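The values are calculated or read from the model by the stated rules, or taken from the named source; none is laboratory data. None of these values were measured; they are calculated from a predicted model. Glycine also receives a Cβ, built like all others from the backbone with ideal geometry; neighbour counts cover every protein chain displayed. Just the protein is used for accessible areas: all its heavy atoms, side chains included, with ligands, DNA and RNA removed. Shrake-Rupley method; radii C 1.70, N 1.55, O 1.52, S 1.80 Å.
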Amino acid sequence: MNFTALDFETANANRASICSVGLVRVENGKVVREIHQLINPQTYFNFYNTVVHGITEFDVRNAPTFDDFYAKMLPYLDDIVVAHNAMFDISCLRATLLRYDIAPPDFNYLCTLCMSKKISGLKSRKLDALARYYGLGEFNHHNALADAKMCARVFEILSERIDIEPMKKSFRDNPKPQKKKLRTPIQQSLFLIEREEKHERERRKHTPQSELIFDYSPIDFSKTFVATGDFGTMSIRDIEGLILREGGNVQRRVDANVDYVIVGDNPLKEWGSGEYGKEIDDALAIGKATFIKQSHFLREIR
């Protein structure tokens, strides 16, 4: 099978902030092309993203922007594209193409994280864990090229063990995002007043943070997460980006599928709807999700 293994690193939680591209082209079982390119995302770098991949604004100061570089990677996006946790990398590609008004290419893609869920006996499905499980050696995890190369090797192993045809998805199948209708100044003022009144009503009936019981055992990043609360200098989107980077699934609302609720360390006297207060109550009512503090979550990431 001919395919392209792909990995992106981002400057912050915004999917359109690609700052590094790793690409490995495999044809007839042999690597025929490797590309590793820093990208100037033309935006700020979040400290926690830099902690993960080590790239800073200084490193990309002379790097091309994505629209300048895209022509070099386009020839390899025409049949099968593979990524580990493709939900993250494919969403990065879609968001960045939309940002620069570039027409989407036509290819099918596969996710080695999803493929690994068909294999029993795995304690973790993170890329580095799969590399250890299959005896593929050490690699520079979160370096875009190193991740793409390891993804290619893992894909070749998994594709021999499971039927991948039903798992293929089309890049063009994603519905086009619709622009939100802008409110007039008067409409915006009325909307803010109504929202604050609603928040005040809801604040009076949510569970205080002090009543939550937190778990400090190792986190399984193959599970499903909801992030909520006040994370200080980080946003909920930042936390979600780290979850996706580690191979987890992210939801915005709690249901029976949610395994972990990540809670900001900053104390809140009561939960308002702006901090997904209802989701805390729903998680307590369902009784399945484990509550994790921000500080423990970040220690597990590192």
Query raised in the report: Is there any pair with a first residue in segment 244-266 that is among the hydroxyl-bearing types (Ser, Thr, Tyr) and a second that is open to solvent by 50 Å² or more (accessible area, probe 1.4 Å) and at pLDDT 90 or above whose Cβ atoms are under 8 Å apart and which are 6 or more apart or on different chains, and what are they?
Result: Tyr260/Lys223
Requested in this report: Look through segment 1-23, keep the residues that are in contact with a Ser or Thr (Cβ under 8 Å, 6 or more places away or on another chain) and of a type in the set (A, V, I, L, M, F, W, C), and return whichever of them is surrounded by the fewest Cβ atoms within 10 Å (Cβ to Cβ).
Outcome: Met1
Query raised in the report: Just one of the numbered conditions (1) part of a loop (DSSP other than H, G, I, E, B); (2) within 30 Å of Ser159 (Cβ to Cβ) is not true of Asn12; which one?
Result: (2)
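Just checking, does segment 73-84 include any residue being more than 22 Å from Val26 (Cα to Cα) and without any contact (Cβ under 8 Å) to a residue 60 or more places away in the chain? Break it down stepwise before answering.
First, pick out the residues of segment 73-84 that are more than 22 Å from Val26 (Cα to Cα): none.
Among the residues of segment 73-84, not one is more than 22 Å from Val26 (Cα to Cα) and without any contact (Cβ under 8 Å) to a residue 60 or more places away in the chain, which makes the answer no.
Restricting attention to segment 252-294, which residues are of a type in the set (S, T, N, Q) and at pLDDT below 90?
Taking segment 252-294 as the starting set, the residues that turn out to be of a type in the set (S, T, N, Q) are 257, 266, 273, 290, 294.
Asn266, Ser273 - these are the residues of segment 252-294 that are of a type in the set (S, T, N, Q) and at pLDDT below 90.
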Query raised in the report: For the subset of segment 191-220 comprising residues that are modelled with pLDDT under 75 and outside any helix (DSSP H, G or I), which member is surrounded by the most Cβ atoms within 10 Å (Cβ to Cβ)?
Result: His206
